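I have placed the structure first, in the form of structure tokens, so that the comments after it can refer back to it.
The values are calculated or read from the model by the stated rules, or taken from the named source; none is laboratory data. Values in this document were obtained by computation on a predicted structure and should not be read as measured data. Here the Cβ positions follow ideal geometry from the backbone for every residue, glycine too, while neighbour counts run over all protein chains shown.
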Amino acid sequence: MFDIGFSELLVIGIVALVVIGPERLPKVARTLGHMLGRAQRYVNDVKSDINREIQLDELKKLQTQVTESARSLEDSVRQEYESARSALASPIQEAQGAVAELAATANLSAASSPDAVSLPAEPAATEKHDKPAA
């Protein structure tokens, strides 16, 4: 990230030893390490938050796509249902009309001549008479 080599770190260490002094250098190094650790954790937290937001955004887009496809599927199924219903409705209505016409002509002919149309009568119930055995 900063492109600092070993020789540059060695120079920084020697200058820090001279400026800070050997007594306080370990404490300053430890404090500097803690601060760098906190900074790294903060950067990692920010990265993970950004990744979560990106994933959440992708999930929302996916949800809208799935919802859209479900609506289009529902619309196509509804259209197919309506077209099948209308295709079957006209032959059914024609058949009902034909049956109604036949019933009307049968009623007219039955009304004009009652003997012309004879419906089969139900067979009479016969009773069996058991004869006592002799």
**Message:** Quick check on the stretch 23-34: of everything there that is loosely packed, with under 11 Cβ neighbours inside 10 Å and within 17 Å of residue 9 (Cα to Cα), which residue is farthest from the chain's Cα centre (by Cα)?
**Reply:** 26
**Prompt:** Taking the condition surrounded by 10 or more Cβ atoms within 10 Å (Cβ to Cβ), out of contact with any Gly (no Cβ under 6 Å at 6 or more places or on another chain) and at pLDDT below 95, does residue 10 pass?
**Reply:** yes
**Prompt:** Looking at the stretch 97-107, is at least one residue part of a helix (DSSP H, G or I) and within 31 Å of the chain's Cα centre (by Cα)?
**Reply:** no
**Request:** Kindly check whether there is at least one residue in the stretch 58-68 that is in contact with a helix residue (DSSP H, G or I) (Cβ under 6 Å, 6 or more places away or on another chain) and either surrounded by 10 or more Cβ atoms within 10 Å (Cβ to Cβ) or part of a helix (DSSP H, G or I) (or both).
**Result:** no
